[in-house]
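See structure below.
The values are calculated or read from the model by the stated rules, or taken from the named source; none is laboratory data. Note that the structure is predicted; figures quoted are calculated from it, not measured. Neighbour counts are summed over all protein chains in view; Cβ atoms, including those assigned to glycine, are modelled from backbone coordinates with ideal geometry.
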Amino acid sequence: MSPLRSERELSALNPSLMAAGFRQMLPIAAFVLVFGAAYGVAAQQKGVSAGWALAMSAFVFAGAAQFAVLDLWGPELSMLTLALTVLAINARHLLMGASLFPWLRHLPGWQRYGAMVLASDSNWAMTLQAMAKGSPGLGVLVGGGLALWVFWMLGTAMGLMFGGLIADPRVLGLDMVMACFLLAMATAGLTSWRTLCIWGVAGATALVVDAWLGHNLHVVAGAIAGGGLGLLWKEPGDDA
Amino acid sequence: MTPEVSHWLALGVLLVMAVVTLITRWGGVWLMSWVPIGARVRRFIGAMSSSVLVALLAPLAFKGDASVRLALLATLVTMALMKKPLPAIALGLVVAAAYRGLA
């Protein structure tokens with residue numbers, strides 16, 4: 001069997017593969033329910049109305065970006081800062097799409113881009129895992145993505161309801177949900193001294209810009225500074 | 001509680017977030033059908049994706065009171081030891097609540 005042929009076979013995508021992917025994702029989706037609830041509580045505290053918070057979860061479907069935007073939320077919010085912050089946080093999706101291209105390219109355009117609509121960290125990782133084991137993985141990208149989306153929505157709704165019942169969120173530490181969530185997401189990627197140095201530069205840049213320039217520019221400035229150091233500092237095994 | 005955000009502004013935020021996020025989900029696949037993403041671009045994106053979170057958190061930790069710092073520290077240490085986000089976040093909240101209850 002030629003590699004091309006097997007790649008084409010692995011790119012199979014049909015309702016039964018999607019249903020299997022949906023079921024395969026359920027244990028992880030249960031955690032997403034809790035994260036979604038955390039988002040609902042945090043959105044409630046920021047004064048985001050329930051309808052908008054649910055719409056964010058439905059149409060954006062990107063936890064870290066949604067939490068981060070709560071930090072920027074307010075009448076003075078700048079659309080440029082917003083767009084750049086969301087772009088910086090979600091730029092990792094570009095790498096996910098690129099890494100799945102070898103299989104997605106065998107699909108017709110609408111399926112190729114349709115499959116990516118629900119791409120996020122865990123269903124992407126499970127897709128790559130399946131492909132590496134030689135079993136068709138796009139079912140878990142789409143079906144698993146749908147499971148994540150359903151539970152993210154349910155969780156958001158639960159959080160909004162629960163959040164409304166709490167008189168003083170600070171007493172329960174609930175005002176820390178956003179910061180602790182983002183810190184946990186960031187720390188999951190801490191794998192090397194290289195990453196730690198990149199974060200040092202990003203954090204220091206953010207503090208300096210926040211102190212002297214303000215206007216939420218610190219987020220974008222820190223992201224670019226960290227990204228720039230990452231570009232210059234090769235990882236083991238890189239040629240370019 | 002932050003001041004009221006108008007519905008038009010909220011709609012704008014939703015649209016910008018949804019469109020930018022969709023572009024990132026589609027862009028990688030689209031780009032690869034023209035030109036492969038090289039190691040340098042990959043390193044820039046990889047470093048930037050987590051740097052943006054650190055950049056967001058640094059001033060929060062710097063300006064926050066002791067309960068904020070202790071909560072973040074609890075999350076950080078739990079993540080380092082267990083690599084599990086859910087207990088790490090939960091412990092962060094518990095520490096903040098406990099400190100405020102005692103202080």
#### Entry: Condition met for B:GLY101 (over 25 Å from A:ALA62 (Cβ atoms) and surrounded by fewer than 22 Cβ atoms within 10 Å (Cβ to Cβ))
yes
### Query
If you scan the range B:39-67, which residues turn out to be buried (at least 21 other Cβ atoms within 10 Å of the Cβ), small (Gly, Ala, Ser) and under 19 Å from A:LEU72 (Cα atoms)?
B:SER49, B:SER50, B:SER51, B:ALA55, B:ALA58
### Message
For A:MET153, only one of the following conditions fails: (1) buried (at least 16 other Cβ atoms within 10 Å of the Cβ); (2) more than 24 Å from B:VAL68 (Cα to Cα); (3) not β-branched (Val, Ile, Thr); (4) not assigned by TED's automatic domain parsing to the domain that holds A:VAL32. What is its number?
### Response
(4)
### Summary
In the range A:211-240, residues that are more than 23 Å from the chain's Cα centre (by Cα) and in a helix (DSSP H, G or I) total 3
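Conditions (1) touching a Leu at 6+ places or on another chain (Cβ under 8 Å); (2) surrounded by 17 or more Cβ atoms within 10 Å (Cβ to Cβ); (3) farther than 25 Å from B:MET48 by Cα, marked per residue:
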| residue | (1), (2), (3) |
| --- | --- |
| A:PHE31 | yes, no, yes |
| A:ALA42 | yes, yes, no |
| A:LEU80 | no, no, no |
| A:LEU84 | no, yes, no |
## Note on the structure
The residue that is surrounded by the most Cβ atoms within 10 Å (Cβ to Cβ), considering only those in the range A:92-147 that are among the hydroxyl-bearing types (Ser, Thr, Tyr), modelled with pLDDT of 90 or more and assigned to a helix (DSSP H, G or I), is A:THR127
#### Entry: Matching residues in the range B:1-13 - criterion: being surrounded by fewer than 19 Cβ atoms within 10 Å (Cβ to Cβ) and part of a helix (DSSP H, G or I)
B:HIS7, B:TRP8, B:LEU9, B:LEU11, B:GLY12
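Could you tell me whether A:LEU182 is free of Cβ contacts under 8 Å to residues at least 40 places away in the same chain and in a helix (DSSP H, G or I)?
On the way: free of Cβ contacts under 8 Å to residues at least 40 places away in the same chain: no; in a helix (DSSP H, G or I): yes.
So A:LEU182 fails the test.
Yes/no per residue for (1) at positive phi; (2) in contact with a helix residue (DSSP H, G or I) (Cβ under 8 Å, 6 or more places away or on another chain):
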position: A:GLY173; (1), (2): yes, yes
position: A:VAL177; (1), (2): no, yes
position: A:ALA186; (1), (2): no, yes
position: A:LEU190; (1), (2): no, yes
position: A:TRP193; (1), (2): no, no
position: A:GLY203; (1), (2): no, yes
position: A:ALA225; (1), (2): no, yes
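Mind telling me which of the residues B:ALA88, B:ALA98 ends up being assigned to a helix (DSSP H, G or I), out of contact with any helix residue (DSSP H, G or I) (no Cβ under 8 Å at 6 or more places or on another chain), modelled with pLDDT of 90 or more and among the small types (Gly, Ala, Ser)?
Working: B:ALA88 fails: out of contact with any helix residue (DSSP H, G or I) (no Cβ under 8 Å at 6 or more places or on another chain).
Selected residue: B:ALA98, the only one of B:ALA88, B:ALA98 that is assigned to a helix (DSSP H, G or I), out of contact with any helix residue (DSSP H, G or I) (no Cβ under 8 Å at 6 or more places or on another chain), modelled with pLDDT of 90 or more and among the small types (Gly, Ala, Ser).
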### Task
Give A:ALA55, A:ALA29 a once-over and let me know the one that is modelled with pLDDT of 95 or more and closer than 25 Å to A:MET161 by Cβ.
A:ALA55
### Summary
A:PRO169: passes all of (1) more than 8 Å from chain B (Cβ to nearest Cβ); (2) over 23 Å from the mean Cα position of the chain (by Cα); (3) buried (at least 23 other Cβ atoms within 10 Å of the Cβ) but (3)
